[in-house]
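Just below is one structure, and these are the notes that go with it.
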Amino acid sequence: MRCMQLRRSLSFLFLRKQTLDGTEGDASLDSLARTATLPSQIALRVVSEMMLDGGLPFQVGSSVDYSQLEAAVGLLSNILDSVQAMHDVRDVSRSIYQRLCVINQRISDGVADNIDKTLAKDAIQTLVVRLFMTAISDSAERLSPVYSSARPLDNWLNIT
């Protein structure tokens, strides 16, 4: 449990550092991570605000560094590892999900000619699906049969 908290806190600190000044983490983050572990709900709220503000790693445009975007999505994936925290703050999880969907739609990668762009889009799509399945959709809705309102086979075949 402590390892998961430490991984989540380190990921949050590196993502926060990357958002603030566009550089990667330094040695001071190492000492800070040893002493500070954030509650998952707070980390999710701060990350949601960073994404809504259009923080550096989550900007999509003509001059995007897609390898940096992929790394930021990987860090975000580590932050989003607590299912309980995502259920506690569903509105925040939903806003992160919607922002990731918007970013995914803005990346045009029809012919997969840029491997960094392809890998970033793949990381985003993987995280979107995981976030939807764990936090957004209702488990009863996911587990119900697709054709629950359909007629039985006998009615389809008109067998009397």
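Which ones in the range 52-75 are modelled with pLDDT of 80 or more, part of a loop (DSSP other than H, G, I, E, B) and open to solvent by less than 60 Å² (accessible area, probe 1.4 Å)?
Val64
Looking at Asp113, is it open to solvent by 40 Å² or more (accessible area, probe 1.4 Å), modelled with pLDDT under 85, of a type outside the set (Val, Ile, Thr) and within 19 Å of Ser67 (Cβ to Cβ)?
yes
Which count do you get for residues in the range 33-48 that are of a type in the set (S, T, N, Q), at pLDDT below 80 and either assigned to a helix (DSSP H, G or I) or open to solvent by less than 40 Å² (accessible area, probe 1.4 Å) (or both)?
Result for the range 33-48: 3.
The values are calculated or read from the model by the stated rules, or taken from the named source; none is laboratory data. What you are looking at is a predicted structure, and each value in this text was computed from that prediction instead of being measured. Virtual Cβ from ideal backbone geometry, glycine too; neighbours counted across all protein chains shown. Surface accessibility is based on the protein's heavy atoms, side chains included, excluding ligands, DNA and RNA. Shrake-Rupley method; radii C 1.70, N 1.55, O 1.52, S 1.80 Å.
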